[in-house]
Structure formats: C-alpha cells, structure tokens
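Structure, as structure tokens:
Nothing in this text is a laboratory measurement; each read-out follows from the coordinates by a stated rule. The model shown is predicted, which means the values in this text are computed figures rather than measured ones. For neighbour counting, all protein chains shown are included, and Cβ atoms are generated from backbone atoms with ideal geometry for every residue, glycine included.
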Amino acid sequence: MSVEIRPLTKSEAEARILDIAALRIRIFRDFPYIYDGSLEYEVKYLDRYLKAQNAKFIGAFSEAQQLVGVATCLPLIEEDDFVKSPFVKAGFKPEEVFYFGESVLLSEYRGKGLGHKFFDEREKVAGTFNSRFTAFCAVNRPLNHPLRPSNYRSLDDFWKSRGYEKQNQLISHFEWKDLDQSVETEKEMIYWMRSWK
Ligand SMILES: CC(C)(COP(=O)(O)OP(=O)(O)OC[C@H]1O[C@@H](n2cnc3c(N)ncnc32)[C@H](O)[C@@H]1OP(=O)(O)O)[C@@H](O)C(=O)NCCC(=O)NCCS
C-alpha cells in the first residue's frame, strides 16, 4: 500500500480537523496513552495548533487520499506556557527549540518507515527556522502499569536511533482522562531532545 507523506496547508488542516481528532482518539486509546478521548478535548487541543502561526500538520495519505496518520510541529515559542516552562527553567532559550507534537499512524501502516518520514519532514521544517534543538515529549508510565500489554514495545530505541536523548529534568504535566479513570488526571510527560548545532 503506497502512502504519501506531505504537509497540509492551513485550510486543509482546518477541513480535516475532525479526521485528525478521530485518529488521535483511536490511536492514543492504546497503551501508553490509554486516552479516553472526546471530541470536546480534541477541538480545544487542536485549536492551539490551528491558531499557532507557524504550526505544521504533516499528513500520511492513503491512495484514496484518506488520512491514515498525522504529525504536528511548531516553534516552541508558539506553544503554551506549560510546555515552554520546563525549557526556560532548565536554561534553554525557547526561540532555539522547535517542538514536535504528536505522531500517530494507524497500526496497519506501521513498520514501513513512515514514522521516520514524520521525523524527516518535521526536522526539515525545524531547519527552515534554523532551530538549535528539536524536542518532543512522551508519557511516563510505570513498568507495572495494569493496562500495559505484555507484548508492548517502547519507542525509546527508535527515538535514540534518531539522535534524541531523554531529558529527565524536562517535565510537563498534561491532563486527560485515562480509560480506567472517571476524571481527567495529570500525566507526567518527559521531553526528548536532539541538538543540531
Ligand atoms: C510513532 C509511530 C508513528 C511510528 O510509526 P512507524 O511507521 O511504525 O515507524 P517506522 O516504521 O518508521 O519505524 C520506526 C522504528 O520503530 C520500530 N518499530 C516498529 N514497530 C514498532 C513497534 N510496534 N513498537 C516499537 N517500535 C517499533 C521500527 O523497528 C523502526 O526502527 P528501525 O528504523 O530501527 O527499524 C507509530 O508507532 C504510532 O503511531 N504509535 C502510536 C502513537 C505514539 O505512541 N506516538 C508517539 C508519541 S506522540
């Protein structure tokens, strides 16, 4: 199955926003995010990226032009304070960091190099901003989490192979409702960074 990876224009992202929300809800339902997604949460979350001046959505399109995956990115200075603040506290200049939001791909399209292409595309965008660092975060779940599947394989080796290092001192808290909870709770998100200069 051939899949095209390309940036969406702003108007395409707006037109596809419910598809993007649906992908996030479906894919983040799995461990480690176990996100009990709602359209209300999604609209609020994704609106940040639609409104940010330099945010980009990178889409993965099937032959039928169905959106089967998406990755986001933007200069860290355009992110919310709760994302910027750990960098500022650790002495980084937010204007030197380019931030990657999520990358999500339907499971049947995985393992074919598209995750690498999402990184290539976002790193290309970061290059146009002459960014010194690229960064993203991932949820920190305990190894003995009751919903962790026995065959779960972490993405850490993939990220290390892309030159990223886990920064245990850079932590934000994101809130969402887990599948096994009744209300939204704070999740510890740890950042990974790669230096380009
Ligand atoms: C992240 C994601 C988009 C990567 O997509 P992908 O198309 O499978 O990635 P690739 O095919 O380019 O593979 C990337 C690497 O991951 C490895 N990999 C493949 N399947 C994997 C799996 N099930 N678990 C962990 N790593 C896997 C591959 O071996 C590859 O490494 P290699 O280049 O050394 O061979 C996809 O796994 C996904 O949607 N995951 C769920 C959402 C998520 O956790 N996103 C990241 C945080 S926002």
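Averaging the inverse of every distinct alpha carbon separation and then flipping it gives the Kirkwood radius. What is it for the chain, in angstrom units? Write out the running numbers ahead of the final one.
On the way: mean 1/r = 0.0577 Å⁻¹.
For the chain, the Kirkwood estimate is 17.3 Å.
Sorted from largest down, give the three principal axis spans of the alpha carbons of region 25-69, whole angstrom values.
29, 26, 17
In terms of Cα to Cα distance under 15 Å, which aspartates and glutamates are near enough to LYS177, apart from those fewer than 8 places away along the same chain?
Result set, ordered by chain and number: ASP30, ASP36, GLU40, GLU42, GLU186, GLU188.
About its Cα centre, how strong a charge dipole does the chain have in debye, to the nearest 20, once Lys and Arg get +1 and Asp and Glu get -1 at the Cβ? Walk me through the numbers on the way to the answer.
Working: 29 positive and 30 negative charges, 131 e Å.
Its charge dipole is roughly 620 debye.
Given the options VAL70, VAL125, VAL43, state which has the largest fluctuation in a GNM of the chain using a 10 Å cut-off (strictly under) for Cα springs.
VAL43
If amide hydrogens are placed 1.01 Å from N in the peptide plane, which non-local residues have theirs closer than 5 Å to the one on GLY37?
none
Using a Cα-Cα cut-off of under 17 Å, which lysines could be cross-linked to LYS160, ignoring same-chain neighbours fewer than 8 residues away?
In chain and number order, the partners are LYS117.
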